[in-house]
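These notes are about the structure you will find just below.
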Amino acid sequence: MRYSIFSLLGHALAGNRRWTPAWRDAAPKAGYDIVIVGGGGHGLATAYYLARMHGITNVAVIEKGWIGSGNVGRNTTIIRSNYLLPGNVPFYEWSLKLWEGLEQELNYNAMVSQRGTLNLFHSDSQRDAFVRRGNSMRLHGVDAELLDVPALRRLVPFVDFDNARFPIRGGLLQRRGGTVRHDAVAWGYARAADRLGVDVIQNCEVTGIRVERGRAVGVETSRGYIAAGKLGLACAGNSSRVASMAGLRLPIESHVLQAFVSEALKPVIPCVITFGAGHFYVSQSDKGGLVFGGDIDGYNSYAQRGNLPTVEDVCEGGMALMPSLGRVRLLRSWGGVMDMSMDGSPIIDRTPVDQLYLNAGWCYGGFKATPASGWCFAHLLAKDGPHPLAAAYRLDRFAAGRVVDEKGQGPHPNRH
Amino acid sequence: MRIPCPHCGPRGHEEFAYHGDAAPIRPDPAAAEAERAFGEYVYLRDNPAGLHRELWYHALGCLTWLIVERDTRTHAIRGVAEARANHAQGQAAQ
Ligand SMILES: Cc1cc2nc3c(=O)[nH]c(=O)nc-3n(C[C@H](O)[C@H](O)[C@H](O)COP(=O)(O)OP(=O)(O)OC[C@H]3O[C@@H](n4cnc5c(N)ncnc54)[C@H](O)[C@@H]3O)c2cc1C
Ligand SMILES: [Zn+2]
């Protein structure tokens, strides 16, 4: 069924008793042309673009839990394309363009809200770094604006401008950045892919990858063997575990990142704000809760929950930026396990095993990448070669010394 | 999470700096295939869900490098030893 104002009214008049499930609860078939492991945003987007852009519909997405149980439903929903490096900017900008048309494309309300993302700076050197980043963005045709303190006082009057230790000197604003309702992205892509014939198979854990003569031919799952013409991995956070089933070692460590939501408030925060002197960022959801986060906990973890010192650190950052936060009560917090790659950038590439393809290493910034990641991974699976926008995200870049390290931190996943 | 330092007793993990998997050992630069070996040493990790031997530095304590054996799913710590002893073993094994 197509969703529209008329379908909404019709269902309302019928007492909302006639809604049907948004996608089929598919059972696994014996085999598919393409099997994608991982029903997060990236896996589902990949399946959708395989069907939509490449006409390949004999596709299954295999998810061990339920759609949206991974990071796609745990992140802090920020989208932006304010990157510095040439390998990154065009990719993330294409993603932002796809976000801008996503709801019409999927016929699904993902609550894409371009309320702006604002990075504050607190010193001359930080200002130089943000000017450079803004210039890099503009050279790539991406919007970026440098705001001085008077302009900031109009936009975000509640931040602590005259903080004795970290006075606010200005900010870099990307007006087209913003937030998106995260689980609606999973649901929207699942529904749209399902309508094009893709099987979205939930509660089906991949437990093994069958490799014959150097070639991946299918997966062992908790619901039996499934043959695959091609196999794509999109298991954010668990990429190392799943790739190890085919004997691969990856340039990735799994780390936990926490997120926090406060009680609902009246509208106070107009955009996404990042603190430049510590790791803290905040936005306000449409329900009114302040959504915020900071650093990863910093050690390998598959626990999906974090530790208290990080909570303290994040809250201290918040208080330094916005002292009024001290009056707000925290409602809940949670953690998600992410692939932290060795250079902080993702991998979309073939692997040394034939017919086995990898989409991994998204760190804490992969939500905004969802549409472009699906777009480029679908291209790779369909055409067997990298999409030009993802040309920098090769697996061999580490050994070859062509890393894409936005922060210049070196091979330390917990520093990116 | 508290790490039982052999010198200082159990201390909060925020006193320590984390340096990742303790398994990789610096390859011999003169060896054949040293380039490939260095690539793997610097970048590739097992990243297990389960027991992990990892380096922690007691930066706000006794300034000792430790090897902590920890379950990455539960943070339960099974053993702690000084990294120095392990390093000597690694060298011998090479
Ligand atoms: C707290 C937090 C905040 C974040 N904030 C932001 C943000 O503001 N902006 C941003 O851009 N990014 C953010 N991120 C990062 C972003 O959420 C991730 O990079 C992105 O969601 C990863 O892609 P995905 O949606 O496909 O992952 P997931 O939703 O995690 O999908 C992977 C799926 O694979 C499944 N899987 C794993 N192993 C198997 C198996 N063996 N068999 C079958 N299925 C398997 C998992 O169950 C999971 O559903 C944040 C992450 C966290 C944790
Ligand atoms: Zn100590």
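Would you be able to say whether some residue in segment A:43-56 is more than 10 Å from ligand 1 (Cβ to nearest atom), over 24 Å from A:TRP362 (Cβ atoms) and among the hydroxyl-bearing types (Ser, Thr, Tyr)? So far as segment A:43-56 goes, no, none of its residues is more than 10 Å from ligand 1 (Cβ to nearest atom), over 24 Å from A:TRP362 (Cβ atoms) and among the hydroxyl-bearing types (Ser, Thr, Tyr).
Every residue, every condition in (1) surrounded by 19 or more Cβ atoms within 10 Å (Cβ to Cβ); (2) within 30 Å of A:ALA22 (Cα to Cα), yes or no:
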{"residue": "A:THR57", "(1), (2)": "no, yes"}
{"residue": "A:GLY70", "(1), (2)": "yes, yes"}
{"residue": "A:PRO86", "(1), (2)": "no, no"}
{"residue": "A:ARG153", "(1), (2)": "no, no"}
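Cβ contacts < 6 Å: first residue within 19 Å of B:ARG45 (Cβ to Cβ), restricted to segment B:3-23; second residue within 16 Å of ligand 1 (Cβ to nearest atom) and assigned to a strand (DSSP E or B), any location; separation 6+ or different chain. Result? Between residues of segment B:3-23 that are within 19 Å of B:ARG45 (Cβ to Cβ) and residues that are within 16 Å of ligand 1 (Cβ to nearest atom) and assigned to a strand (DSSP E or B), the close pairs are B:TYR18/A:GLY298; B:TYR18/A:TYR299.
Among the listed residues A:SER262, A:SER341, A:SER285, A:SER345, identify the single one that is within 21 Å of A:ALA110 (Cβ to Cβ), modelled with pLDDT of 95 or more and polar (S, T, N, Q). Outline the logic, then answer.
Values: A:SER262 fails: within 21 Å of A:ALA110 (Cβ to Cβ); A:SER341 fails: within 21 Å of A:ALA110 (Cβ to Cβ); A:SER345 fails: within 21 Å of A:ALA110 (Cβ to Cβ).
Being within 21 Å of A:ALA110 (Cβ to Cβ), modelled with pLDDT of 95 or more and polar (S, T, N, Q) holds for just one of A:SER262, A:SER341, A:SER285, A:SER345, which is A:SER285.
Being under 12 Å from A:ASN300 (Cβ atoms) and touching a Gly at 6+ places or on another chain (Cβ under 7 Å) is a condition met by at least one residue of segment B:12-25.
Can you tell which of A:ARG138, A:ARG175 is of a type in the set (Lys, Arg) and in contact (Cβ under 8 Å) with a residue 12 or more places away in the chain? Give the derivation first.
Values: A:ARG138 fails: in contact (Cβ under 8 Å) with a residue 12 or more places away in the chain.
Within the list A:ARG138, A:ARG175, the selection yields A:ARG175.
Is it the case, given these coordinates, that A:SER262 is open to solvent by less than 10 Å² (accessible area, probe 1.4 Å), of a type in the set (S, T, N, Q) and in the same structural domain as A:TYR299 (by TED's automatic domain parsing)? Considered against the rule, which asks whether it is open to solvent by less than 10 Å² (accessible area, probe 1.4 Å), of a type in the set (S, T, N, Q) and in the same structural domain as A:TYR299 (by TED's automatic domain parsing), A:SER262 comes out as yes. Listed by first and then second residue, the pairs with beta-carbon distance under 7 Å, at least 6 apart or on different chains, first residue in segment B:42-68 and within 16 Å of ligand 1 (Cβ to nearest atom), second of a type in the set (Lys, Arg), are B:ALA49/A:ARG241; B:ALA49/B:ARG73; B:GLY50/B:ARG73. Residues in segment A:372-401 that are open to solvent by less than 50 Å² (accessible area, probe 1.4 Å) and within 14 Å of another protein chain (Cβ to nearest Cβ): 3 in all. Take the conditions (1) within 16 Å of ligand 2 (Cβ to nearest atom); (2) open to solvent by less than 30 Å² (accessible area, probe 1.4 Å); B:ALA59 misses just one of them, which is (2). Just one of (1) out of contact with any Phe, Trp or Tyr (no Cβ under 9 Å at 6 or more places or on another chain); (2) within 21 Å of A:PRO388 (Cβ to Cβ) fails for A:GLN104. It is (2).
The residues on offer are A:SER244, A:SER222, and the sole one that is open to solvent by 50 Å² or more (accessible area, probe 1.4 Å) and touching a strand residue (DSSP E or B) at 6+ places or on another chain (Cβ under 8 Å) is A:SER222. So is B:THR64 within 16 Å of ligand 2 (Cβ to nearest atom) and of a type in the set (S, T, N, Q) or not? Yes; evaluated as a whole, the condition is true for this residue.
Does A:PHE121 fit the bill of being touching a Phe, Trp or Tyr at 6+ places or on another chain (Cβ under 7 Å) and hydrophobic (A, V, I, L, M, F, W, C)? Reasoning before the result, please.
Values: touching a Phe, Trp or Tyr at 6+ places or on another chain (Cβ under 7 Å): yes; hydrophobic (A, V, I, L, M, F, W, C): yes.
Judged against the criteria, A:PHE121 is a match.
The single residue among A:VAL211, A:VAL180, A:VAL217, A:VAL200 that is of a type outside the set (S, T, N, Q) and within 11 Å of ligand 1 (Cβ to nearest atom) turns out to be A:VAL180. For segment A:62-109, the tally of residues that are in a loop (DSSP other than H, G, I, E, B) and over 14 Å from the mean Cα position of the chain (by Cα) stands at 15.
The values are calculated or read from the model by the stated rules, or taken from the named source; none is laboratory data. Since we're looking at a predicted model, the values are computed, not measured. Note that each Cβ is placed from the backbone with ideal geometry, even for glycine, and that neighbours are counted across all protein chains shown. Heads up: the accessible areas ignore ligands, DNA and RNA and are worked out on the full protein's heavy atoms, side chains in. Shrake-Rupley method; radii C 1.70, N 1.55, O 1.52, S 1.80 Å.
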